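*Asks:* Okay, handing you the structure first.
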Amino acid sequence: MSRIEVQGVWKNYGDRVVLERIDLVIDPGSLVAIVGASGCGKSTFLRILLGIERPSRGRVLLDGAPLPPEPGPDRGIVFQRYTNFPHLTVLDNASLGLELRKSRLLGRLFGARRRAVRERAAAMLTRVGLGHVLEAWPHQLSGGMQQRLALAQALLVEPRVLLLDEPFGALDPGSRAEARALLLELWAETGTTVVMVTHDLAEAFALATRVLVFDKVRRDPQAPERYGATVTYDLPGYNRRRRGASAATAAPSHHPGGVP
Ligand SMILES: Nc1ncnc2c1ncn2[C@@H]1O[C@H](COP(=O)(O)OP(=O)(O)O)[C@@H](O)[C@H]1O
Ligand SMILES: [Mg+2]
């Protein structure tokens, strides 16, 4: 669970202003959806949160500290089209991030350590419904299964923040519904702060605790690149569930003497 603070962030590429004056505090454990027109800078914003893109102005704090200059395991990301290693099995793909992370601390992993990592990866794959395809190749998986693999992989390193860029956009309706339900379960289980871009407004409100709309407040018809998008609406989502609360006990309207 981590708190993200975005302070006065602007982003321009040369003369093209993409984002302007973004100020946000994202509460730990929230599930924030970002919606907005194509090209308005949503992916750019996620890349800034991931740390692979620097703001032109302003800064991003994660739990009060500036983002490290390189993306680390504290931030995980899932893209719309999952890119995995085609020559590695599902289990090897899932184990890789964890192995790399641990091996950076411990040197190359062998024996019991390596087995422990692979067991954790296998357990997570089972958790997301891929326990029966551990030895399959990525191309043998359906789109929905690939996205579940991507979620498992991102969550295995226990990121403080999970970023999702239109993660379900390429899925058929059945797989999309499954993947959404899985995301909600994993979010509730892990308490990870989630920031998700989607172009589906209904999805945004259904899944998120908070919905941010990115749009331009100023436009210059002669020079469309002159102004960038900012947060024009900041709305509560329909997901009132708190971390650890089951759906049945979620969001009681009254807390007699207790902590909400
Ligand atoms: N590396 C880059 N260099 C130049 N322009 C870029 C770069 N990345 C994104 N842009 C521009 O920034 C704008 C926002 O892009 P993007 O963040 O991908 O929008 P969205 O995800 O909302 O569709 C687009 O006009 C895009 O062309
Ligand atoms: Mg995008």
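The values are calculated or read from the model by the stated rules, or taken from the named source; none is laboratory data. Everything numeric in this text was worked out from a predicted model, so none of it was measured. For neighbour counting, all protein chains shown are included, and Cβ atoms are generated from backbone atoms with ideal geometry for every residue, glycine included. Just so you know, the surface numbers come from the protein's heavy atoms only, side chains and all, with ligands and any DNA or RNA stripped out. Shrake-Rupley method; radii C 1.70, N 1.55, O 1.52, S 1.80 Å.
*Asks:* Does R160 satisfy the condition of being basic (K, R) and modelled with pLDDT under 90?
*Replies:* Values: basic (K, R): yes; modelled with pLDDT under 90: yes.
For R160, the condition - basic (K, R) and modelled with pLDDT under 90 - is met.
*Asks:* When only residues in the range 19-51 that are within 19 Å of W187 (Cβ to Cβ) and in a loop (DSSP other than H, G, I, E, B) count, which is nearest to ligand 2 (Cβ to nearest atom)?
*Replies:* It comes out as S30.
*Asks:* Any idea how many residues of the range 122-176 are part of a loop (DSSP other than H, G, I, E, B), among the β-branched types (V, I, T) and surrounded by fewer than 21 Cβ atoms within 10 Å (Cβ to Cβ)? If you could, list the steps in order and put the result at the bottom.
*Replies:* Narrowing the range 122-176 to residues part of a loop (DSSP other than H, G, I, E, B): 128-130, 134-137, 141-142, 157-160, 166-172.
Retained after the next criterion (residues that are among the β-branched types (V, I, T)): 128, 157.
Then keep just the ones that are surrounded by fewer than 21 Cβ atoms within 10 Å (Cβ to Cβ); that gives 157.
The number of residues fulfilling the criteria is 1.
*Asks:* Let me ask something else about it. Being within 25 Å of Y227 (Cα to Cα), in contact (Cβ under 8 Å) with a residue 24 or more places away in the chain, touching a Leu at 6+ places or on another chain (Cβ under 8 Å) and in the same structural domain as K11 (by TED's automatic domain parsing) narrows it down to one of G51, G58, G36, so name that one.
*Replies:* On the way: G58 fails: touching a Leu at 6+ places or on another chain (Cβ under 8 Å); G36 fails: touching a Leu at 6+ places or on another chain (Cβ under 8 Å).
Only one candidate qualifies: G51.
*Asks:* What number of residues within the range 187-207 satisfy the criterion of being assigned to a helix (DSSP H, G or I), touching a residue at least 24 places away in the same chain (Cβ under 8 Å), more than 25 Å from L61 (Cα to Cα) and open to solvent by 20 Å² or more (accessible area, probe 1.4 Å)? Let's see the steps before the verdict.
*Replies:* Let us first name the residues in the range 187-207 that are assigned to a helix (DSSP H, G or I), namely 187-190, 201-207.
Pick out the ones that are also touching a residue at least 24 places away in the same chain (Cβ under 8 Å) and you get 187-188, 190, 201, 203-207.
Filter again for more than 25 Å from L61 (Cα to Cα), leaving 201, 203, 205-206.
Right, trim to open to solvent by 20 Å² or more (accessible area, probe 1.4 Å) and you get 201, 205-206.
Total meeting the criteria: 3.
*Asks:* Which numbered condition in (1) in a loop (DSSP other than H, G, I, E, B); (2) open to solvent by less than 60 Å² (accessible area, probe 1.4 Å); (3) not basic (K, R) is the only one that L212 fails?
*Replies:* Status for L212: all satisfied but (1).
*Asks:* Restricting the search to the range 3-59, which residues are in contact with a helix residue (DSSP H, G or I) (Cβ under 8 Å, 6 or more places away or on another chain), farther than 21 Å from V78 by Cα and either open to solvent by 60 Å² or more (accessible area, probe 1.4 Å) or near ligand 1 (Cβ under 9 Å from one of its atoms) (or both)?
*Replies:* K11, V18, L19
*Asks:* Being out of contact with any strand residue (DSSP E or B) (no Cβ under 9 Å at 6 or more places or on another chain), closer than 18 Å to G36 by Cβ, of a type in the set (K, R) and not in a helix (DSSP H, G or I) is the requirement here; does R240 meet it? It would help to see each step written out before you state the result.
*Replies:* On the way: out of contact with any strand residue (DSSP E or B) (no Cβ under 9 Å at 6 or more places or on another chain): yes; closer than 18 Å to G36 by Cβ: no; of a type in the set (K, R): yes; not in a helix (DSSP H, G or I): yes.
Considered against the rule, which asks whether it is out of contact with any strand residue (DSSP E or B) (no Cβ under 9 Å at 6 or more places or on another chain), closer than 18 Å to G36 by Cβ, of a type in the set (K, R) and not in a helix (DSSP H, G or I), R240 comes out as no.
*Asks:* Which residue, of Y227, Y233, is assigned to a loop (DSSP other than H, G, I, E, B) and either within 16 Å of ligand 2 (Cβ to nearest atom) or among the aromatic types (F, W, Y) (or both)? It would help to see each step written out before you state the result.
*Replies:* Working: Y233 fails: assigned to a loop (DSSP other than H, G, I, E, B).
It is Y227.
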